[in-house]
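K.L.:
Sharing a structure, written as structure tokens. Questions coming.
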Amino acid sequence: RKEVEQDPGPFNVPEGATVAFNCTYSNSASQSFFWYRQDCRKEPKLLMSVYSSGNEDGRFTAQLNRASQYISLLIRDSKLSDSATYLCVVNVDSWGKLQFGAGTQVVVTP
Amino acid sequence: EPEVTQTPSHQVTQMGQEVILRCVPISNHLYFYWYRQILGQKVEFLVSFYNNEISEKSEIFDDQFSVERPDGSNFTLKIRSTKLEDSAMYFCASSTQGRVEQFFGPGTRLTVL
């Protein structure tokens, strides 16, 4: 089983629509969870941390289900600038080792 | 806003040559990392560094790799004898603690010919 698994997409989303996707992780001892976005050939940029109670940052909502070991991201009112690859990232130990999913590609169309 | 910087942005080298990739982490961060991303693949952890020593390394980080913090600001990754399969984007990252968000530099694209 892959350490962090994501649907690669692409998710083709009309501008203004809502899109949601999730990822699963294998290490039950994982403590910290994040969504990063990555534009083509660029560095991962932190989108948001994911907390057990779920959290929202503007149009973005993240949820964590520890029992089922999955994390979700929902984007409301999609903008053209939301087109990117979204990386599900799990911190597996206190030294900061991050495990990355392969990413979910989102394409927002006019 | 403080950011991680990396130099060079692109490095081309011949197989068997040594390369040094340089990073300047965010100034008040204490944990430093190197990751790599082969084209079309996911980002992979190489090494974490804290308190002037390696705290963890992956299987990829073999004897050909080393890291150093030669002064109070730079953090370097050295590959002693590059192989074709070392061609990748190398990202430096830093964080204030081990379990919080990490901030990534723009990367160095290493091409081994």
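K.L.:
Give the carbon-plus-sulfur fraction of the accessible surface of chain A in %, rounded to a whole number; probe 1.4 Å, heavy atoms of protein chains only.
P.N.:
48
K.L.:
Are there any residues in region A:65-110 with a reduction of at least 30 Å² in accessible surface when going from the isolated chain to the assembly of protein chains? Probe 1.4 Å, please list them by number.
P.N.:
Output list: A:ASP93, A:SER94, A:TRP95, A:GLY96, A:LYS97, A:LEU98, A:PHE100.
K.L.:
Under a 5 Å amide H to amide H cut-off, with H placed in plane at 1.01 Å, what residues pair with A:LEU47 once short-range neighbours are removed?
P.N.:
Residues meeting the criterion, in which the H sits 1.01 Å from N, are A:TRP35, A:TYR36, A:ARG37.
K.L.:
Another one. Which entries in the list A:LYS45/B:LYS78; A:LYS45/B:LYS57; A:LYS79/B:LYS57; B:LYS42/B:LYS78 go over 27 Å, if you measure between the two C-alpha atoms of each?
P.N.:
Listed pairs above 27 Å: A:LYS79/B:LYS57.
K.L.:
Now for a separate question. By a straight-distance test (C-alpha under 19 Å), which aspartates and glutamates pair with A:LYS97 as possible cross-link partners, with residues fewer than eight away in the same chain excluded?
P.N.:
Filter leaves A:GLU3, A:GLU5, A:GLU43, B:GLU44, B:GLU53, B:GLU56, B:GLU59, B:ASP62, B:GLU68, B:GLU101.
K.L.:
If you don't mind, there's one more thing I want to ask. Ignoring ligands, DNA and RNA, how much accessible area is buried between chains B and A, both sides summed, with a 1.4 Å probe, to the nearest 100 Å²? The partial results should precede the final answer.
P.N.:
Details: alone 6640 and 6190 Å², together 10830 Å².
Answer for the B-A pair: about 2000 Å² buried.
K.L.:
Describe numerically, in nm with one decimal, the distance between label points set 7 Å from Cα along Cα→Cβ at A:ARG66 and at A:ASN12.
P.N.:
4.1
K.L.:
Leaving out ligands and nucleic acids, note down the accessible area per residue over the protein assembly as shown with a 1.4 angstrom probe, in whole Å².
P.N.:
49
K.L.:
What list of ³J(HN,Hα) values in whole Hz, one per residue of region B:9-18 in order, does the Karplus curve 6.51 cos²θ - 1.76 cosθ + 1.60 (θ = phi - 60°) give from phi, with Gly and Pro shown as x?
P.N.:
Result, rounded to whole Hz: 7, 9, 10, 10, 9, 8, 3, x, 7, 8.
K.L.:
Can you list the residues, at least 5 places off or on another chain, whose amide H is less than 5 Å from the amide H of A:GLN105, using H built in the peptide plane?
P.N.:
Hits under the 5 Å cutoff: A:GLY9, A:PHE11, A:TYR86.
K.L.:
Follow-up question, since we're still on this one. Tabulate in residue order the Karplus-calculated ³J(HN,Hα) for region A:89-104, using 6.51 cos²θ - 1.76 cosθ + 1.60 with θ = phi - 60°, rounded to whole Hz; enter x for Gly and Pro.
P.N.:
Working through the residues one at a time gives 10, 10, 8, 9, 7, 6, 8, x, 4, 9, 10, 9, x, 6, x, 10 Hz.
K.L.:
Using the Karplus curve 6.51 cos²θ - 1.76 cosθ + 1.60 with θ = phi - 60°, what ³J(HN,Hα) values do you get for each residue of region B:101-113, in whole Hz, with x for Gly and Pro?
P.N.:
Whole-Hz 3J(HN,Hα) from phi for region B:101-113: 4, 10, 10, 9, x, x, x, 10, 8, 9, 10, 9, 9.
The values are calculated or read from the model by the stated rules, or taken from the named source; none is laboratory data. The structure displayed is predicted, hence computed values, not measured ones. Please note: Cβ atoms are built from the backbone with ideal geometry, for glycine as well, and neighbour counts cover all protein chains shown. Surface areas here come from the heavy atoms of the whole protein model, side chains and all, with no ligands, DNA or RNA. Shrake-Rupley method; radii C 1.70, N 1.55, O 1.52, S 1.80 Å.
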